[in-house]
1. Chains B and A: how much accessible area gets covered up at their contact, both sides added, probe 1.4 Å, in Å² to the nearest hundred?
2. Quick one: which residues, 5+ away or cross-chain, put their amide H under 5 Å from the amide H of A:Tyr274? H built at 1.01 Å from N.
3. Any chance you could give the angle, 0 to 90 degrees and rounded to 10, that helix A:18-38 forms with the longest Cα principal axis of chain A?
4. Stokes-Einstein diffusion coefficient for the stretch A:228-299 at 25 °C in a medium of 0.890 mPa s, Rh from the Kirkwood formula over Cα pairs: what value in µm²/s?
5. Would you calculate a helix-derived [θ] at 222 nm for chain A, using -39,500 (n - 2.57) for each DSSP H run of n ≥ 4 and dividing by the full residue count, to the nearest 500?
6. May I ask you to evaluate 6.51 cos²θ - 1.76 cosθ + 1.60, the Karplus curve with θ = phi - 60°, for each residue of the stretch A:278-291 and list the ³J(HN,Hα) values in order in whole Hz, giving x for glycine and proline?
7. Within 10 Å of each Cβ in B:126-136, how many Cβ atoms from other chains are there, averaged over the peptide?
8. Take the Cα pairs of the stretch A:11-213, get the Kirkwood Rh, then feed it into Stokes-Einstein at 20 °C and 1.002 mPa s and tell me D in µm²/s.
Amino acid sequence: MSPSHTGELTFSTVKPRVGLQAALDKGRAGIVAEVSGSGLKGRGGAGFPTGVKWNLAAATVADEKFVVCNADEGEPGTFKDRVILNRFADLVFEGMIIAGYAIGAQKGILYLRGEYSYLRKDLEKTLERMRTEGMLGERVLGRDDVSFDIEIFIGSGAYVCGEETALIESLEGQRGEPRNRPPFPVNTGYKGRPTVVNNVETLAWIPSIMARGADWFSSLGTDKSKGLKLFSVSGDVERPGVYEFPWGLTIADLMREVGGENAKAVQVGGASGYIVPARDFERHIAFEDVPTGGAVIVFGPHRDMLQVVSNFMEFFVGESCGQCTPCREGNVKLLEGLRLLEEGRCSTRQMRELCALGETMQQASKCGLGQSSPNAFLSIVKHYGDEIMGRTDVIV
Amino acid sequence: MLVTEQDRLRDDILAWGDAGGGSREALIPLLQRVQQKYGEISDFAMQVIADVLSIHPVEVQSVISFYHFLDLSARGKFIIRLCRTISCDIAGKDRLARQLENDLGISFGETTNDGMFTLEWANCIGMCDQGPAMLINEKVFTRVTPELVHNVLQACRASFGNIGLEGKEEL
């Protein structure tokens, strides 16, 4: 086994059924109160409080509701959800059952990205086992008032489908183009019904929060970022893999753990995140300082930051859904600018205009993709202006 | 009675469409099954799918064109998707790409003349800690070196369909 994680992952120490049983004993309101009290925030990166989301969905009256597990883990540098689904899928499914009971949904859908379709067979087996064990289907754990089942939907390769409204469009058989919000999925989601969309890791934590209580969870981490977090570490580092730490550790601490002490910079939050240069390594990883969905990409001393950002921009040009103009055109323009920088032919005025374009995209794009795609570009201009301007060594 | 390819395709789509309840939500799973069995989604297939779901064929085409893993044109029996995103880039995907092109005799985006292999780029496939990584159909290969390319391609040629081709992922 490669060092994909350090020791045991805390959420996996809860035994099967224990979390689910505890949740059913608490009742609907009790579950929502517990999740709210724990301070758990969405682990996909956006960080919306899970308790608030569940409360809104529970409060909406409808004939049908849905729980969707977002396993469209497409952010470059993120792979924790793959590890969770590979080894602890039953806990994720338990989390979905608990969410379903809390909001009054009888159906759950796991939206698995097409790139992970090789996981499907084992996931189906796990679902089948849970059905025979009475954890899924009619009368969950013998309770007459609880019924819930889960099906798997395979994506077809589109990064933007990780955005929850695009994901819902995709489930409905449409192009994965994000919707305007409001209305939010908790009111008008899949098939126009109230829908809770949660990240894989978010749901994986639910059983242990149910079993050990909100106070246990909220005693870990920082004021605004509660609990433990999984980090996907890759790049120029001695020990890449999945790590678990409480929120609030410094980047320097993390680098010591993973063997990346001599890093020149770290990209926190994947392609849509920010570049943190070595002089800022004392900053804390938390929603109130450097937020992340868990992706940490490390760049060694010799890494060319211009090539790094060009790689990110190529990614966004390929993955923009093309629906709104700032994102569709803006990403192409930023990539053109990066090509000019690579050739050493970008004037200062042009670079400033590109930065202004990036700021416009952050404000005017419809969804998170276009709002965050200029981050990396703006970061290198801010931190590595000296390194990227006036180049004479042309990159082929 | 002689069954033509078109008859077979239509019967398949009708059967799969019935299983999906004939609703719009069934569209993407239906397209995936056609793609998997026939290697492409032809104009004829789009028309039949549209009829089954009571939508216009252009709606079907619109959805296909949106997703990277759905194809309007014929693809090889084995679709090789090499990850080009940052961590695999750092891990040396360029040399792997070059060797794949050399051994297959095609460039990215092309299919070999014998219809066996299609070579494509993929955006991050979530194997960032074990790069460079690639997908061949539904199997994942990690820490692939240029030297290993020949063996991987031979394993594909020696197998029937997807069966017998073992992917390897370390966890």
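The values are calculated or read from the model by the stated rules, or taken from the named source; none is laboratory data. Keep in mind the model is a prediction, meaning the values are calculated, not measured. Cβ coordinates were reconstructed from backbone atoms using ideal geometry, including for glycine residues, and neighbour counts include every protein chain displayed. With ligands, DNA and RNA removed, areas are computed over all heavy atoms of the protein, side chains included. Shrake-Rupley method; radii C 1.70, N 1.55, O 1.52, S 1.80 Å.
1. Using a 1.4 Å probe, the pair buries roughly 3500 Å².
2. Excluding prolines and chain starts, which carry no amide H, the hits are A:Val268.
3. Relative to chain A, helix A:18-38 is tipped by roughly 50 degrees.
4. 212 µm²/s
5. Rounded to the nearest 500, the figure is -13500 deg cm²/dmol.
6. 3, 5, 9, 5, 7, 6, 9, 8, 6, 4, 7, 10, 10, x
7. Details: counts 15, 4, 16, 16, 6, 3, 0, 1, 0, 6, 0.
Whole-number average of other-chain Cβ neighbours for B:126-136 is 6.
8. My calculation gives 130 µm²/s for D.
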